[in-house]
There are 2 protein chains.
Amino acid sequence: MANITKKVSWSSRDEDSAPGEGTPLLNGTSGAERYPRKMSGSGMFHIGRLSTVDLEEPITEQEDALLNWPKEIPHNEKLLSLKYESLDYDNSENQLFLEEERRMSFVGFRCVEIKRWVVCALIGILTGLIACFIDIVVENLAGVKYSVVKHSIENFTEGGGLSISLLLWAALNSAFIMVGSCIVAYFEPIAAGSGIPQIKCYLNGVKVPRVVRLKTLVVKVCGVICSVAGGLAVGKEGPMIHSGAVVAAGISQGRSTSLKKDFKIFEYFRRDTEKRDFVSAGAAAGVSAAFGAPVGGVLFSLEEGASFWNQMLTWRIFFASMISTFTLNFVLSIYHGKIGDLSSPGLINFGRFESESVEYYLYEIPIFMLMGAIGGILGALFNSCNYWLTIFRIRYGVPLCLCLGSSMLGSKTPAVEAVSVISKERSTVPVVGFYKIAFYALLNERNIIFLNNAALFCRTPCKGKMLHDVASGSYNPLTLGLFTLSYFILACWTYGLTVSAGVFIPSLLIGAAWGRLFGILMSVLAADESTWADPGKYALIGAAAQLGGIVRMTLSLTVIMVEATGNVTYGLPIMLVLMTAKIVGDYFIEGLYDIHIKLQSVPFLHWEAPHTSHSLTAREVMSSPVTCFSRMEKVGVIVDVLSNTSTNHNGFPVVSEFTDDGEPGKICGLILRSQLIVLLKHKVFVERAHSRLNQRKLQLKDFRDAYPRFPPIQSIHVSQDERECMMDLTEFMNPTPYTVPQETSMPRVFKLFRALGLRHLVVVDSDNTVVGLVTRKDLARYHLGKHGLEEMQLSQT
Amino acid sequence: MANITKKVSWSSRDEDSAPGEGTPLLNGTSGAERYPRKMSGSGMFHIGRLSTVDLEEPITEQEDALLNWPKEIPHNEKLLSLKYESLDYDNSENQLFLEEERRMSFVGFRCVEIKRWVVCALIGILTGLIACFIDIVVENLAGVKYSVVKHSIENFTEGGGLSISLLLWAALNSAFIMVGSCIVAYFEPIAAGSGIPQIKCYLNGVKVPRVVRLKTLVVKVCGVICSVAGGLAVGKEGPMIHSGAVVAAGISQGRSTSLKKDFKIFEYFRRDTEKRDFVSAGAAAGVSAAFGAPVGGVLFSLEEGASFWNQMLTWRIFFASMISTFTLNFVLSIYHGKIGDLSSPGLINFGRFESESVEYYLYEIPIFMLMGAIGGILGALFNSCNYWLTIFRIRYGVPLCLCLGSSMLGSKTPAVEAVSVISKERSTVPVVGFYKIAFYALLNERNIIFLNNAALFCRTPCKGKMLHDVASGSYNPLTLGLFTLSYFILACWTYGLTVSAGVFIPSLLIGAAWGRLFGILMSVLAADESTWADPGKYALIGAAAQLGGIVRMTLSLTVIMVEATGNVTYGLPIMLVLMTAKIVGDYFIEGLYDIHIKLQSVPFLHWEAPHTSHSLTAREVMSSPVTCFSRMEKVGVIVDVLSNTSTNHNGFPVVSEFTDDGEPGKICGLILRSQLIVLLKHKVFVERAHSRLNQRKLQLKDFRDAYPRFPPIQSIHVSQDERECMMDLTEFMNPTPYTVPQETSMPRVFKLFRALGLRHLVVVDSDNTVVGLVTRKDLARYHLGKHGLEEMQLSQT
């Protein structure tokens, strides 16, 4: 039944296995140039700047060498990339670590605990401030843009020169988008898109290169400001989540590697375990700031990332979320001159429900579920279109200028449409960004949902007037249909371009549009339209259905929607709609984020092992043979193994002795590449006579200072004399790595691996002899296909 | 620093270690009568019926034998009881299990998945129906009671005989409480209290005897109806959570052991892993029905029980919660004649906020936090009083009749007070249950919070009238103060009596009362009382503070409160208040549920190992020596080991061979007592010549049929001939139990144990030889005391 071929050929390419014998003395130079360890410039999820890779004609080595360009992975979802490494969620409990922990008193632990709370508070405050900054800058830039266009219209309309104003508008939009697009493409391609897939990967335990760096944050913030101010069909919510995560990763380390500034604080948190926990808090704070949904933020973090639920951790995450919403509200209340009014949280706000119009009845439940199904189908359609578009962009290497052009086109279309729609509606105020009018108008006088920005706009007289123009029922179904269609195409086209932009707001807009259309249809069908068929209600349900159909989040999205609407009455319908949308959508295709994760060949671990994987045991899953070291290892051997770029292992079991034919013996520890590099850098060598060469005892601090950007092995010079020295690994290795016997079933291995967030799991036989090593890629390779269990291949790069 | 003594003396009393050699041939009869394995009648948390245990004078063995009464654990929080066993959250992946899993096709797994959803839907429906049943019966019983009293008042008031009506009222209340108390005390003592501590233990992985049985459910439901109808200072919310859990445990097994009815469905779910997941869903459904808070329910389950967050599981739990709220709403809407109106969920409902009165300002945040601190202090006071009261009740064995009397007194006092307060208020309608009037009146015209029941009451004319009597500001501070004080004492006294009753509603009432008092104080202090100092708002905050101070739940309680108020505006203040209350309260004493768990000496595992436990390793923590079996073991040896009631082990490592001096060799599996008992029962013996005696191959079904009430070893007769046979354990043992080396630090052991929900963890040396076994009790023993790490002792029983 299970469609498995015994793995033979990949072992040499797996992250943590060596093709050779117990202690292979490999030549460290071969291939070092060909496979540079850090592929700088090869960001994840940036689509526009990719080099052309033709799947049918593999580039030969000569060509490759000539091009001298980081080879991109071929973006085939049946492959797993070797580019992504795992985070080490499991502490390496070596002697240094244990000594430190044992030295710490109870008061010391209390201090660390208090520091954690302080860090979470800082994360919340900074994330909230960033959200404020984005909001205020976007508002002002858009204001400038609108006033320029308005001035132009006022001057030209009498002369009939509306087309010139239109061109001006388009030119301004294009300029914004051009700037936003260029910063992202040339400075930090990983800042493209919403950032949610990357954060999802990070929380899953994948170290995505450069995803939590300061540069990424700066580019992201500038990029999203430009995209939104440029009037693209995008939202600023997704990027907020990414921003929160970067803030968390930065603050918790108490230093900035980019700025070369070390504040010498929070040194205890300089390891993957703590960092990942803080990044969860940061992502939650981002959600909280974006949607005004602190509980939704916590659930988002847990749904996407949690291995193990811990009450105190959850509580801290919640605290960060809360502080973030609070900061945002407070600063915005000052900015808007209503100091201290904290009752309208979040960048997006669906407004308040009036008590009379919120009731729903039992017979509406099936209607809602039908809408959920429609949302699921439309979401699947959106995802499929975006999938093929992405594949197309990757395969035919859409050049940058074309991307930029299409971005600008994307911004022009709404402008053109806005004018046409508005002239049709006989309104005279075409100065507000089209989709803001549209969304606000969709929900017109009932004001079930409206963008905060639109609400702000309404404060100035000329926009307040517009509200009255759009009277009840004045919105005609044809316009709604046109809006849905055009916006669907635009949003689908935009997601995946080199701009920082989220997909939440476009999805909500599309859903609200067809939801309202549906509502109008209902009220036409129903005899008495006034009692129950309120189109505004259907707009809300439609928005939920569409968003659920695209992103397929479950519990967290429900809570986010409920918190953003500010009313729990619609909790039940929203849940039902999201559930229906997910079930229907999953029948066709995966969620948008999962598609993009797969296309990047990330070794993503799901919650459970594939159902039919009980037929596999650790013996089949593991990589073998394994490169091992002995407790007292020759420096030359270590340098050679680390330099061997064709294997590029990150974890090495330490064994007590080797057999005569070079096979590893009993396991006595596990040491990481990063630890070995620090040891080599500090030259912690022992001469043959067991006298320590380097007198200074290495401390945990040395490892923390090097974290997280450990130097590459190439940068460490080891002389020929030093190569003959020995290194004593006993003190630095993790003496108690988790091990499993060979006969362990794959679901059991998977559960252990996933629940504890492991990076390496040693497989031993009944004598505790090392026989293999299980890493993330070994487990992520297996997935359920149409013909039962399938095995993915590892990509060449 | 760590205050640890090397353990020597307890090893013989640990759950899973033997005092003897590798395969001790102990006489299975000694002590079997003295320590009956199932201590029937010794429920958890029933306080009234305990036999007098004097801590100072230990009962000698002779006396013990004479008494022939199950010895109660001495209820000292420094002890751990041996009565409680662990759940096996980790599947025993033996050959039978793996064969079944491998036989199952992809479609088969789909079916199981669909069955899980069906079970969750059923859990939701049944829990909702039970909530409806309780609600409707209470309402009708109370209605009958009130009409009788009202009739009496109408007849006697002219003659001034109000005291007779008062006596009648008290007598009726007493009758209800007497009935409720007796059912609980005589039929199922474990049904006493709210049931939340028991469910918390169950979700933590402790098998609490009889907690999820049908009988418990029936007694609980009847008990809570009587308590609430009798006018005790109790709520019906806690018991709903317990009820939901019992429903889940029952339905998921597809049979009732009590009714001897097997529906032959859901057989796949007959193991601890699946059952515990369903019980989580049941508890969530209970919360959801009680508070109309589906998200709060999910978070409650996760906060109290989750080891490992799984998206699909969470989603299913959410589904059950949702269905439960829906069922409750739907049935109640029919009952109240408003079919299909689903917008007021839950048994309790805090009513709607009016948009104008909900705003709060920045300067109110410190006031709210101050109220949180007051709530924390009052909560700690409540918990301390209840703690000493419980200790007193246990130590001096308060006889049943006194308990009953005090229960009745508890019910009389509010009646007396009601009349006095009401006469003081010069109101003429003293026929409504006092605390319902009180609570409703506390929040008077602003109607921020009111009990659903009170709202229902208001539908009948005479109660509607009362609403107008209690005009704005008519509630005087003296009455509020009196109410807070008397209700505080009453609620504190009531919790721990042999009645089924929750502490949520009393806490909310107390908090609302002093909160309103606080609000009145504020508005007196403030110059313009109309603008911000709305006492109703402070009543809500006070209620949250008091409840948070008593139960110390965090995220879940916030969400429950937000969902019950139906408005997210107060999310932030409620969070802050709960956080402050928890921090302040934790400074003094633990939460109420934790206190009662500790008093019952339950081996409860917290989220993390104590901070300073890095100094301990598995070698110190484990129990040793361990009773092991060999793969092919003599039946007599197994029977003797199982019959040895002085050790009463539940898990036995299986080793490949024994050394000459009886020491166990390399580990090759782990077998459970329950599995051995099934094997013995079916006589799966092999003669010396290795021919199988019993021809029928044992199947997984045989184990599932026996689950969860495996017969005691005493009930299995093994003849002298059979004792000489052998048993082949290979097929039935778990061949890949999790193992750790001896040097593993305690936090690492703890994390593995807790994250995977283990029951036994085998400690091995470098040769994979069994050296010890870690069980729940070994880990739960260590806790952080005032002088660093402390070690608890194991109780004698």
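Laboratory data are not the source of any read-out in this text; all were calculated from the coordinates shown. Fair warning: this is a prediction, and the values are worked out from it, not measured in the lab. Because the Cβ atoms are built from the backbone with ideal geometry, glycine has one as well, and the counts that use them run over all protein chains shown.
Give me the inter-chain shielding for A:782-791: mean count of other chain Cβ atoms within 10 Å, whole number please. Please report the intermediate quantities before stating the final value.
Numbers: counts 0, 0, 2, 1, 1, 1, 2, 1, 0, 0.
Mean partner-chain Cβ count within 10 Å for A:782-791: 1.
Given a Förster distance of 35 angstrom, what is the FRET efficiency for B:GLN714 paired with A:MET312, based on the Cβ-Cβ distance and rounded to 0.05?
Numbers: r = 45 Å, r/R0 = 1.28.
The computed FRET efficiency comes out at 0.20.
Compare the peptides A:606-619, B:708-721, B:271-284 by average per-residue count of other Cβ atoms within 10 angstrom and give them in order, highest first. Spell out each step's value before the answer.
Values: A:606-619: 20.7, B:708-721: 13.7, B:271-284: 26.6.
Listed from highest to lowest mean packing, they are B:271-284, A:606-619, B:708-721.
Amide H of A:LEU80 versus every other amide H placed in the peptide plane: which residues, excluding those fewer than 5 positions away on the same chain, fall under 5 Å?
For A:LEU80, whose amide H was placed from the backbone, the distant partners under 5 Å are A:GLN793, A:LEU794, A:SER795.
Between B:PHE685 and residues 5 or more places away or on another chain, which pairs have amide H atoms under 5 Å apart, with H built 1.01 Å from N, and which residues are they?
Answer set, sorted by chain and number: B:LEU693, B:ASN694.
Residues with amide H under 5 Å of A:VAL771's amide H, sequence separation 5 or more or different chain, H placed in the peptide plane at 1.01 Å from N; which?
Hits under the 5 Å cutoff: A:VAL763, A:VAL764, A:ASP765.
To the nearest Å, what is the center-to-center distance of the range B:170-187 and the range B:205-273, using C-alpha atoms only?
21
Given a Förster distance of 45 angstrom, what is the FRET efficiency for B:CYS182 paired with B:MET632, based on the Cβ-Cβ distance and rounded to 0.05?
Values: r = 55 Å, r/R0 = 1.21.
Efficiency for this residue pair is about 0.25.
Obtain the nm distance between the two label points defined at A:ARG102 and A:LYS697 by a simple spin-label model: each point lies 7 Å from its Cα along the Cα-to-C-beta direction.
About 1.2 nm separates the two model spin labels.
Quick one: with label points 7 Å out along Cα→Cβ, list the inter-copy distances for B:LYS261 in nm, shortest first?
Going from nearest to farthest copy, the values are 7.2 nm.
Using a label point 7 Å beyond Cα on the Cα-Cβ vector, give me the inter-copy distances for B:ILE136 in nanometres, one decimal, shortest first.
5.9
Tell me, what ³J(HN,Hα) does each residue in the range A:779-784 have, in order and in whole Hz, if you take phi through Karplus 6.51 cos²θ - 1.76 cosθ + 1.60 with θ = phi - 60° and put x for Gly and Pro?
For the range A:779-784, the Karplus-derived couplings read 8, 5, 4, 8, 8, 7 Hz, x marking Gly and Pro.
Apply the Karplus curve 6.51 cos²θ - 1.76 cosθ + 1.60, θ = phi - 60°, to the phi angles in the range B:215-221 and return the couplings in whole Hz, x for Gly and Pro.
Karplus-based 3J(HN,Hα) across the range B:215-221 equals 4, 4, 4, 4, 5, 4, 5 Hz.
For B:544-556, what's the mean count of beta carbons from other chains sitting within 10 Å of each residue's beta carbon? Present the calculation step by step, with values, prior to reporting the outcome.
Numbers: counts 0, 0, 0, 0, 0, 0, 0, 0, 0, 1, 6, 9, 2.
That works out to 1 on average.
Which of the peptides A:738-751, B:652-665 is most tightly packed, and how do the rest follow, judged by the mean count of other Cβ atoms within 10 Å per residue? All intermediate terms of the calculation are to be shown ahead of the outcome.
Details: A:738-751: 22.4, B:652-665: 16.6.
Result, highest mean first: A:738-751, B:652-665.
First measure r as the distance between the Cβ atoms of B:GLU663 and A:SER384, then evaluate 1/(1 + (r/R0)^6) with R0 = 56 Å and state the FRET efficiency to the nearest 0.05. Each step should come with its number before you reach the end.
Numbers: r = 64 Å, r/R0 = 1.14.
Calculated value: 0.30.
Just order B:557-565, B:118-126 by mean Cβ neighbour count inside 10 Å, highest at the front, would you? Intermediate results must be reported in sequence, preceding the final value.
On the way: B:557-565: 26.9, B:118-126: 23.4.
Per-residue Cβ counts within 10 Å, averaged per peptide and sorted highest first, yield B:557-565, B:118-126.
At A:PHE109, with labels set 7 Å past Cα in the Cβ direction, how many nm apart are the copies from this one, shortest first?
4.0
Once phi is turned into ³J(HN,Hα) by the Karplus curve 6.51 cos²θ - 1.76 cosθ + 1.60 with θ = phi - 60°, what whole-Hz value does each residue of the range B:380-386 show in order, with x for glycine and proline?
Whole-Hz 3J(HN,Hα) from phi for the range B:380-386: 4, 4, 4, 5, 5, 4, 5.
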